[in-house]
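The values are calculated or read from the model by the stated rules, or taken from the named source; none is laboratory data. Since this is a predicted model, take the numbers as computed values, not measurements. Note that we place each Cβ from the backbone using ideal geometry, even for glycine, and neighbour counts take in every protein chain shown.
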2 protein chains.
Amino acid sequence: MSKIATNAAVHGGTDVRDRILETASELFYRQGVRAVGVDLVVEKAGVAKTSLYRHFGTKDDLIAAFLEREDQDFWGQWDGVTARHGADAKAALDAHLGWIGERVGRPNYRGCPQINVAAEFPEADHPARKVAEAHKREMRRRLKVIAERLDVTNPDELAGQLSVLINGAFVSSQIFERDEATTLLRRAAAALIAAGRAPTKPVGETSASC
Amino acid sequence: MSKIATNAAVHGGTDVRDRILETASELFYRQGVRAVGVDLVVEKAGVAKTSLYRHFGTKDDLIAAFLEREDQDFWGQWDGVTARHGADAKAALDAHLGWIGERVGRPNYRGCPQINVAAEFPEADHPARKVAEAHKREMRRRLKVIAERLDVTNPDELAGQLSVLINGAFVSSQIFERDEATTLLRRAAAALIAAGRAPTKPVGETSASC
DNA sequence: CTGACGATACAGACCTGTCTGTTCATATGG
DNA sequence: CCATATGAACAGACAGGTCTGTATCGTCAG
């Protein structure tokens, strides 16, 4: 039963905390946060309820910790993609969109946890909402960094458009055909970049392309 | 359904049912479905609990009815926009995007109810999820009808991109600056249309615009 | 008299969070 | 090398509230 080579587990170890958080994360994501009670988390994690409340003072704190974990996970993978394709900005963006498209196309994909939790908890001051909001702002920030290397007139605008596109993909998995997401995202991004290189035109007129 | 105009209210009238549904809709949208109990709906609507359960056999049925109501409302307004700007396809699309942008920019905007409820109820067979899924498919279908009048090579692809963009706007209200949504949506749509008119190119290369 | 409606109590389940008591590995003092 | 203190973790009962859904009874209009 005891784990880990260097004890680490016992006496103040983070082993129990990790097990709780991992179990809670899976249950929260698959079934929804409000649908999962702490008793279920405790049972599935094989820990005592007292342990849960020692490490996370409140269920709300556990929810926030869940989103923080997802946040770290997400940016960890994002950075992994960046590391593999960081040279050219366009290639990096395509790689990120490919990664996101693959992600939303997975059979058990259930949407972006940040968006889902935000939908479950409208109260603006809920601790989990702050995590979710920071996550979305971080996404736009990172996209802007990429956009600035893409030789467009208005990198912030492009970052906003790409943010909307990606968030849209997260919540639109239902309407995608098989493996449609990646192609859709990449072509859309390419169109937005191309348009962003021409001087910004008034939006009202069609301007009959070039 | 249409329950007659004359007496209407009393004796089998839809008055009580409407009041319940309207009250529930507002509470569900503002606070989240799971956060609102039937007791609260009953109290705010000023009806008896028995009446709620007579008209809606189950809370789940009430939730589904809520989404159906929102669905009808949404397409009613959509059709209103179409009626006012239906002549030119591009103008109609811009009008719809303006309407959506204005909608997501409202102070108390809380996201698309269909998306929110779907996030709250992961179970695939939940009655409300079916309504939500049908709603999203209907959106793509209608966008395709518009796309077909836009002289693009692949109307279905454009419809998919626009769907993602619109759904993204619904869940991205947090990251928008004041009144940014409409402009963002319209410029993005214009870019997608322009790109859709050129023959589809492989996505890998940048192709340096035109 | 019929049937929709209001009011209210109730059942049974579930929820979060607390409290008590026990086990056990480690750290420390002698 | 033994004894004791420390504190995390386990186990489970419990409190107090909320939830959905039902059952009962009175009212009132057509």
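Of all residues in the range A:97-142, those being more than 26 Å from B:Val33 (Cβ to Cβ) and touching a residue at least 24 places away in the same chain (Cβ under 8 Å) number 9.
In the condition set (1) within 21 Å of A:Ala189 (Cα to Cα); (2) assigned to a helix (DSSP H, G or I), A:Gly111 is compliant with all but (2). Does the range B:146-154 contain any residue that is surrounded by fewer than 20 Cβ atoms within 10 Å (Cβ to Cβ), touching a helix residue (DSSP H, G or I) at 6+ places or on another chain (Cβ under 8 Å), part of a helix (DSSP H, G or I) and facing chain A (nearest Cβ under 8 Å)? Within the range B:146-154, not a single residue is surrounded by fewer than 20 Cβ atoms within 10 Å (Cβ to Cβ), touching a helix residue (DSSP H, G or I) at 6+ places or on another chain (Cβ under 8 Å), part of a helix (DSSP H, G or I) and facing chain A (nearest Cβ under 8 Å). Pairs are defined by a Cβ separation below 6 Å, a sequence spacing of at least 6 or placement on different chains, a first member in the range B:48-61 that is within 14 Å of chain A (Cβ to nearest Cβ), and a second member that is away from DNA strand C (no atom under 11 Å from the Cβ); the pairs so defined are B:Asp60/B:Pro127.
Within the range A:19-46, the only residue that satisfies the criterion of being farther than 23 Å from A:Asn108 by Cα and away from DNA strand C (no atom under 12 Å from the Cβ) is A:Gly46.
Here the condition is being hydrophobic (A, V, I, L, M, F, W, C), under 23 Å from A:Gly98 (Cα atoms) and either assigned to a helix (DSSP H, G or I) or at pLDDT 95 or above (or both); of B:Leu143, B:Leu158, it holds for B:Leu158 alone.
Residues of the range A:192-210 being more than 7 Å from chain B (Cβ to nearest Cβ) and at pLDDT below 50, which ones? Answer for the range A:192-210, where residues must be more than 7 Å from chain B (Cβ to nearest Cβ) and at pLDDT below 50: A:Gly204, A:Glu205, A:Ser207, A:Ala208. The requirement of being at the interface with chain A (Cβ under 8 Å from one of its Cβ atoms) and either at pLDDT 95 or above or buried (at least 23 other Cβ atoms within 10 Å of the Cβ) (or both) is not satisfied by B:Ala189.
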